[in-house]
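The next block holds one structure in the form of structure tokens; read it before the comments.
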Amino acid sequence: ARAVAVSARASTPTTPTTRFDVNAIDRAALQMHLSSHVVWALQHDAIQVAFQPVVDARSGVVRSVEALVRCWHPDLGEVPTEQIVESAEQHGSGVELFRTVLRSSLFALRDWRAVGLLESVSVNVAPHLLADPRTMEVIDEALRDAGVPAEALLLEITEHVAMDDLVAHGVRLRERGVRIAIDDFGVGQSTVG
């Protein structure tokens, strides 16, 4: 934790030493603790998915839901979503986290569609995961296993990073029938133009 806290502080040639307080060490230790818990949760099937309704503004009908990743720590409570994603990425488990959320979402959607409750589900995916060949395999396998048509899946792609991967790999998603949306449009790299 001390090493992480020190490395997070910038030093310059004129000031090669860095001052930090015990709070910086405590925050670094907490981040490391949460990060290892997220990795444990992925390995032990303890990642959960919650669903946020998407309401049709005209009719007031819920036609879709958005999947939200959740993880609870026994002592600290809910782990922030950003920490879950960041921890998975740092440990090389980004695709595995996506697989977990996608499969849970599609199996829940299958059951809801069977009784006429919902039409689709949206799941977030980072653009760089689209460049990973395993991601397309995960999507194909999850759709097949759940028996859900591709058009019932909407992938929300965060645009806080460059959109090159979306342009390069989004075509493969559309060819499969999977719909694409840009999440948080306008707050990252792209503009309306």
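Read-outs throughout are calculated quantities, based only on the coordinates presented, and are distinct from any laboratory measurement. Note that the coordinates shown come from a computational prediction; the quantities given were computed from them, not determined experimentally. Neighbour counts are summed over all protein chains in view; Cβ atoms, including those assigned to glycine, are modelled from backbone coordinates with ideal geometry.
Annotations for the structure displayed:
- For Ile180, distant residues with modelled amide H under 5 Å away: Leu155
- An oblate overall shape is assigned to region 76-140, the ratio a/c of its alpha-carbon gyration tensor axes (a ≥ b ≥ c) being 1.5 or greater and a/b not exceeding b/c.
- Arg144/Ala29 FRET efficiency (R0 30 Å; Cβ-Cβ; nearest 0.05): 0.10
- Close amide H partners of Val54, meaning residues 5 or more places away or on another chain with modelled amide H under 5 Å apart, are Arg63, Ser64, Val65, Glu66.
- Amide H contacts for Leu118 (H built 1.01 Å from N in the peptide plane; partners 5 or more residues away or on another chain; cut-off under 5 Å): Arg113.
- The HN-Hα couplings worked out from phi for region 139-150 by the Karplus form 6.51 cos²θ - 1.76 cosθ + 1.60 (θ = phi - 60°) are 5, 4, 5, 5, 4, 5, 5, 7, x, 9, x, 4 Hz, whole numbers, x standing for Gly and Pro.
- Residue-span extension gain [Gln48 to Leu76] - 0.36 nm each, minus C-alpha spacing: 8.5 nm
- Residues in region 77-82 carry Karplus couplings, in order, of x, 5, 7, x, 3, 4 Hz; the curve used is 6.51 cos²θ - 1.76 cosθ + 1.60 with θ = phi - 60°, and Gly or Pro positions show x.
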